[in-house]
Amino acid sequence: MIRRSGVHGGLQLEAHNERSTARPLRRANPPAQLVLPVDQHAGAPARPIVREGERVLHGQPIAEPTGQVSAWLHAPASGRIIAIEPRPAPHRLGAPTLSIVIENDQRDDRAEPSPSIAFEQRSPAELLEQIARGGVVGLGGAAFPLAAKLDSVRAARPLTLLLNGAECEPYITCDEMLMRERAEEIVLGARILLHASAASACAIALEAGSTLADAALRTAIANAHDERLRLVTVPNIYPAGGERQLIAAVFGLEVPYDGLPADIGLLCHNVGTAAAVAQWIRDGQPLTSRIVTVTGDCVREPGNLDVRLGASIRQLIEQCGGYTDRASRLIMGGSLMGLALPDDDLPVIKATNCIIAASHADLQPRDRELPCIRCGACSEACPAMLLPQQLHWFSRLADLQALEAHGLMDCIECGCCDYVCPSQIPLVERFRETKPLLARRRAERADARAARERFEARAARLERIAVEQRAALAHKRRVRRED
Amino acid sequence: MMLLLAIAIVAALAATAGAAAALAARAPRLDERLIEQVNALLPQTQCGRCTFVGCRPYAAAIVRAHADINQCPPGGDQTAASLAAFMGRKAKPVDAGFGLMPPAPMVAWIDEVACIGCTKCIQACPVDAIVGASRYTHTVIAAHCTGCELCIPPCPVDCIEMRPARPIAKSQPSNAEQAQTQAAGDRNRGRVCELSA
């Protein structure tokens, strides 16, 4: 295991947090119509198990997972299924993807919750199965199905749990608000995850300066009387909330470049994921809502809303006082890694952590790109300890071999190199364009390896059959001669 | 004195011969390693277009200077270039005489209605990508097919054709990846200024 001290590089940025944390967490009004894409998690899309015209209850499963890495989807309100058809989706940048559309009858009739048994009395295996049915995915942004992640670390021992409460990017405050207002749920979720994954200890990490969240979590941990839990403060450096960076900051350990945190005995979850698990196991409330930060210079009343999945982004903005007249761009996610949305008529999905309605004050137009002067500022800023200036040259040359050798696939696309580049080179944009080429090359090589193995296995089999046939023939001749 | 000299000469000769024999014994192993390395550069289509029965035999022929580096159409000019660089030979494009490749990856497809279950294609497939049994319909496992086309000539009822490979089966970037790539340009045209406040 490689030890390292803290986060390499990174940036100290103005967080713009006060805008959206000034108002307490609010519950958004239930929308009249909910649009739920069936592929809003990482992995295989879910398969709808309801039909058009059917009435569904709040919390009723409406799509089932297909394959190992997939997740359940539940109705976030009671009502009628009015369509199962392709609709524009935010994670597809407005391209249509198969979605289940529910017309909300505003009665909020709930599905019968399954009898709640104390989680400590169940075996980890039972608990894992129960967690899988709650449709919980990683709420930090990647939306990786939680059950699949827990399943993949079954063999890893000893295991320590790490709950990530460090915001990934400036502007996003949904985790901060969750820690302030629902600290007990996070702590309960941590204890459930500890039990389900048979981990021995749990560290909850949050950024320096989150005093209110810190106090709330401290109280909740004290009330839980669980000495396996502890609170860790990490420096307020972007991107300390990145999984690998957080592990370096908290434990001083380096995750192998071709491995996972589980390889060094760690399991990392977002605090929001822990709270969602707690709601599901304690109350039988599946993941049908999430906290979304609505912020930016173009929203009249920025804040955090508890939103039903499937509600449209336009309604969220309306409930935050609507747009000001300075609006210029809508971004889903943070200010450095978020995606620009084509319009606001898109649904909130499990991965929507933040909506930024940005104005020209938020956006800095990029100046004309100048040649690289080899100053090396990018490699000093790179939290993945790569050499962006070298990657830049190799991607211009389309030298895939050199790009692979220099670790392009380990780029976390945080944008630190872009940000510090005095020549205004859009480095991350280049890397994002080149990554699929490299991924394809890797896949091709894997295909070739598999083809070669089958070819060699076939050759060996044909050889064996020939030898056996010769032996059988010789045996027959011998027997005949003896007769 | 002469006797001693004679003994010394004979001993020296014996030692030289022994060393030569030892080197000769090692040479094939050195060859094997080289062949493995060349084989790793080939696309493993096992199509035989190079006139050898599979990629490894072609690699062996290259190493033993029985074949040139420009005989692999599936590998294309890129493979020819890396073979030339590895072998220290002159780089040249693939010789079109060894066959042309379709612009996009293709895989074999069996018309299961016409198939009579003769197993001839199964025997021809170099990578065991066709399943079926005598007098039962055969089918191609698309994900395993390398597109070598060796199954087409033996078919007595001409029920095999080449079809474009599905992206997932042949490791093309997915739609999502393409969308992301397209988005990256748009996304980064303006970036958020953290120092504006």
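Just one residue in the set A:369, A:318 is away from chain B (no Cβ under 12 Å) and more than 24 Å from the chain's Cα centre (by Cα); that residue is A:318. Looking across the range B:48-58, the residues that are hydrophobic (A, V, I, L, M, F, W, C) and either more than 11 Å from chain A (Cβ to nearest Cβ) or out of contact with any Lys or Arg (no Cβ under 8 Å at 6 or more places or on another chain) (or both) come down to B:50, B:52, B:53. Taking residue B:96 as meeting all but one of (1) within 14 Å of chain A (Cβ to nearest Cβ); (2) over 27 Å from residue A:459 (Cβ atoms), write down the number of the exception. Here residue B:96 meets the rest and fails (1).
Any residue at all in the range A:434-446 that is away from chain B (no Cβ under 14 Å) and either hydroxyl-bearing (Ser, Thr, Tyr) or not in a helix (DSSP H, G or I) (or both)? Walk me through it before giving the result.
Going through the range A:434-446, the residues away from chain B (no Cβ under 14 Å) turn out to be none.
No, every residue in the range A:434-446 fails to be away from chain B (no Cβ under 14 Å) and either hydroxyl-bearing (Ser, Thr, Tyr) or not in a helix (DSSP H, G or I) (or both).
Consider residue A:99 carefully, then state whether it is polar (S, T, N, Q) and closer than 26 Å to residue A:351 by Cα. If you could, list the steps in order and put the result at the bottom.
Numbers: polar (S, T, N, Q): yes; closer than 26 Å to residue A:351 by Cα: yes.
Against the criterion (polar (S, T, N, Q) and closer than 26 Å to residue A:351 by Cα), residue A:99 qualifies.
Mind telling me which of the residues B:84, B:14, B:65, B:60 ends up being assigned to a loop (DSSP other than H, G, I, E, B) and among the aliphatic types (A, V, I, L, M)? Step by step, each of B:84, B:14, B:65, B:60 is checked, and only B:65 is assigned to a loop (DSSP other than H, G, I, E, B) and among the aliphatic types (A, V, I, L, M). Taking the conditions exactly as written (within 27 Å of residue A:81 (Cα to Cα), hydroxyl-bearing (Ser, Thr, Tyr), touching a Pro at 6+ places or on another chain (Cβ under 7 Å) and in contact (Cβ under 8 Å) with a residue 24 or more places away in the chain), does residue A:335 satisfy them or not? So residue A:335 does not fit the description; no. Candidates B:138, B:144: the one that is without any contact (Cβ under 8 Å) to a residue 40 or more places away in the chain and either within 11 Å of chain A (Cβ to nearest Cβ) or in contact with a His (Cβ under 8 Å, 6 or more places away or on another chain) (or both) is B:144. Scanning the range B:82-110 for residues that are within 29 Å of residue B:29 (Cβ to Cβ) and either polar (S, T, N, Q) or surrounded by fewer than 18 Cβ atoms within 10 Å (Cβ to Cβ) (or both) turns up B:82, B:84, B:85, B:86, B:87, B:88, B:89, B:90, B:91. A residue that is crowded, with 19+ Cβ neighbours inside 10 Å and within 14 Å of chain B (Cβ to nearest Cβ) cannot be found anywhere in the range A:146-161.
Screening residue A:239 with (1) touching a Cys at 6+ places or on another chain (Cβ under 6 Å); (2) at pLDDT 90 or above gives one miss only, at (2). Scanning the range A:113-128 turns up no residue that is in contact with a strand residue (DSSP E or B) (Cβ under 9 Å, 6 or more places away or on another chain), part of a loop (DSSP other than H, G, I, E, B) and surrounded by fewer than 18 Cβ atoms within 10 Å (Cβ to Cβ).
Tell me the helices (runs of 4 or more DSSP H) entirely within the range A:235-327 that contain at least 1 residues that are within 24 Å of residue A:187 (Cα to Cα).
Values: elements: A:243-251, A:271-283, A:313-319.
Per the criteria, A:243-251, A:271-283.
Which of the residues that make up the range A:390-410 are of a type in the set (Gly, Ala, Ser), touching a Phe, Trp or Tyr at 6+ places or on another chain (Cβ under 9 Å) and assigned to a loop (DSSP other than H, G, I, E, B)? Within the range A:390-410, A:407 is the sole residue that qualifies. Taking residues in the range A:1-20 that are over 19 Å from residue A:413 (Cα atoms), and partners anywhere that are at pLDDT 70 or above and assigned to a helix (DSSP H, G or I), the pairs with Cβ atoms closer than 6 Å and at least 6 places apart or on different chains are A:1/A:264; A:4/A:248; A:6/A:249.
Criterion first (closer than 30 Å to residue A:152 by Cα and touching a helix residue (DSSP H, G or I) at 6+ places or on another chain (Cβ under 6 Å)) does residue A:69 satisfy it? Judged against the criteria, residue A:69 is a match.
Suppose the filter is modelled with pLDDT under 90, under 25 Å from the mean Cα position of the chain (by Cα) and more than 7 Å from every other protein chain (Cβ to nearest Cβ); does residue A:400 pass it? Here the answer is no, as residue A:400 does not meet what is asked.
Quick check: is even one residue across the range A:206-219 within 22 Å of residue A:137 (Cα to Cα), crowded, with 23+ Cβ neighbours inside 10 Å and either at pLDDT 90 or above or within 14 Å of another protein chain (Cβ to nearest Cβ) (or both)? Among the residues of the range A:206-219, at least one is within 22 Å of residue A:137 (Cα to Cα), crowded, with 23+ Cβ neighbours inside 10 Å and either at pLDDT 90 or above or within 14 Å of another protein chain (Cβ to nearest Cβ) (or both), which makes the answer yes.
Filter the range A:333-389 down to the residues that are β-branched (Val, Ile, Thr), assigned to a loop (DSSP other than H, G, I, E, B) and in contact with a helix residue (DSSP H, G or I) (Cβ under 9 Å, 6 or more places away or on another chain), then identify the one that is surrounded by the most Cβ atoms within 10 Å (Cβ to Cβ). Here the residue is A:348. Apart from one condition, residue B:45 fits all of (1) within 14 Å of chain A (Cβ to nearest Cβ); (2) of a type in the set (Ser, Thr, Tyr); (3) more than 23 Å from residue B:166 (Cβ to Cβ); (4) assigned to a loop (DSSP other than H, G, I, E, B); the exception is (3).
For the range A:168-221, enumerate the residues that are in a helix (DSSP H, G or I), touching an Asp or Glu at 6+ places or on another chain (Cβ under 7 Å), over 22 Å from residue A:124 (Cα atoms) and touching a residue at least 40 places away in the same chain (Cβ under 8 Å). Even if it seems obvious, please write down each step before you answer.
First, the residues of the range A:168-221 that are in a helix (DSSP H, G or I): A:174-181, A:183-197, A:211-221.
Next, only the ones that are touching an Asp or Glu at 6+ places or on another chain (Cβ under 7 Å) stay: A:175-176, A:191, A:195, A:213, A:220.
From what is left, the residues that are over 22 Å from residue A:124 (Cα atoms) are A:175-176, A:213, A:220.
Across the range A:168-221, the qualifying residues are A:175, A:176, A:213.
Scanning the range A:321-336 for residues that are more than 9 Å from chain B (Cβ to nearest Cβ) and not charged (D, E, K, R), we see that the one that is farthest from the chain's Cα centre (by Cα) is A:324.
Return a yes/no flag: does the range A:84-96 have any residue that is closer than 14 Å to residue A:135 by Cβ and either under 22 Å from the mean Cα position of the chain (by Cα) or surrounded by 22 or more Cβ atoms within 10 Å (Cβ to Cβ) (or both). No; the residues of the range A:84-96 include none that is closer than 14 Å to residue A:135 by Cβ and either under 22 Å from the mean Cα position of the chain (by Cα) or surrounded by 22 or more Cβ atoms within 10 Å (Cβ to Cβ) (or both). Residue check: is residue A:456 at the interface with chain B (Cβ under 9 Å from one of its Cβ atoms) and at pLDDT below 90? No. Look at the range A:295-312: where a residue is farther than 21 Å from residue A:170 by Cβ and a partner is acidic (Asp, Glu) and in a loop (DSSP other than H, G, I, E, B), sitting 6+ places away or on another chain with Cβ atoms under 9 Å, you get A:312/A:344; A:312/A:345. Just one of (1) over 21 Å from residue A:168 (Cα atoms); (2) more than 10 Å from chain B (Cβ to nearest Cβ) fails for residue A:414. It is (1).
The values are calculated or read from the model by the stated rules, or taken from the named source; none is laboratory data. Every value quoted in this text rests on a predicted model; they were computed, and no experiment measured them. FYI the Cβ positions are ideal-geometry reconstructions off the backbone, even for glycines, and counts take in every protein chain you see.
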